[in-house]
Amino acid sequence: VQLVESGGGLVQAGGSLRLSCAASGSIFAINAMGWYRQAPGKQRELVAIFRSGGTDTNYADSVKGRFTISRDNAKNTMYLQMNSLKPEDTAVYYCNADVTADSGRYRMRNDYWGQGTQVTVSS
């Protein structure tokens, strides 16, 4: 299973970006999927998440009302629409997924991370 993020970049404060995370491989089910971020010198933190493979979502307080997480189950792709960006949103954004993979002989559940995409918000 691979997770590939895209959509990061440099934007001015108040601007918008849309991140994408595409999951590929022998996927039987995506149990949970979310976005995390890590700023320089800080711990990785949860930004937004779909829990239990459904539509139940949670957001970090710092992004509520500005960021929206969505998914296209048919494409195994998740999105993060980020509006009203602030300099403090600058970080590497990572996609994470709890996936049950199917090798054809057995199924195994694991946690996967993407390579990260840089988001830089200038003031």
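Annotations for the structure displayed:
- Charges were assigned to the Cβ only: +1 to each Lys and Arg, -1 to each Asp and Glu. The resulting dipole of the chain about its Cα centre is roughly 80 debye.
- Rolling a 1.4 Å probe over the heavy atoms of the protein chains gives segment 1-87 an accessible area of 53 Å² per residue.
- The chain: relative contact order in percent, alpha carbon pairs under 8 Å with at least 6 residues between: 36 percent
- Annotation: Val11 carries an accessible surface of approximately 20 Å², with a 1.4 Å probe and no ligand, DNA or RNA atoms counted.
- Cα-based Kirkwood hydrodynamic radius, segment 76-123, one decimal, Å: 13.3 Å
- With a Förster radius of 25 Å applied to the C-beta separation of Lys75 and Leu46, the computed FRET efficiency comes to 0.60.
- Taking a straight line from the alpha carbon of Lys86, these lysines sit under 18 Å away, with near neighbours fewer than eight places off in the same chain left out: Lys42, Lys64.
- Label-reachable residues, segment 82-107, where backbone N falls under 13 Å from a point 7 Å from Asn31's Cα toward its Cβ: 97-102, 107
- Global geometry of segment 1-42, whether rounded, prolate or oblate, following the gyration tensor of its Cα atoms and the 1.5 cut on a/c: prolate
- Carbon/sulfur fraction of accessible area - the chain, other protein chains in place, 1.4 Å, %: 45 percent
- In order along segment 82-91, phi translates into HN-Hα couplings of 10, 10, 6, 5, 10, x, 6, 7, 4, 4 Hz, rounded to whole numbers, per the Karplus curve 6.51 cos²θ - 1.76 cosθ + 1.60 with θ = phi - 60° and x for Gly and Pro.
- Nearest-0.05 FRET efficiency for Arg109 and Gln38, computed from C-beta distance (R0 25 Å): 0.55
- Within segment 1-73: Cβ-based charge dipole about Cα centre, in debye rounded to nearest 20 (Lys, Arg +1; Asp, Glu -1): 160 debye
The values are calculated or read from the model by the stated rules, or taken from the named source; none is laboratory data. All values reported here derive from a predicted model rather than from experimental measurement. Glycine gets a Cβ as well: all are built from the backbone with ideal geometry, and neighbour counts include every protein chain shown. Accessible surface is based on the protein model in full, side chains and every heavy atom, while ligands, DNA and RNA are left aside. Shrake-Rupley method; radii C 1.70, N 1.55, O 1.52, S 1.80 Å.
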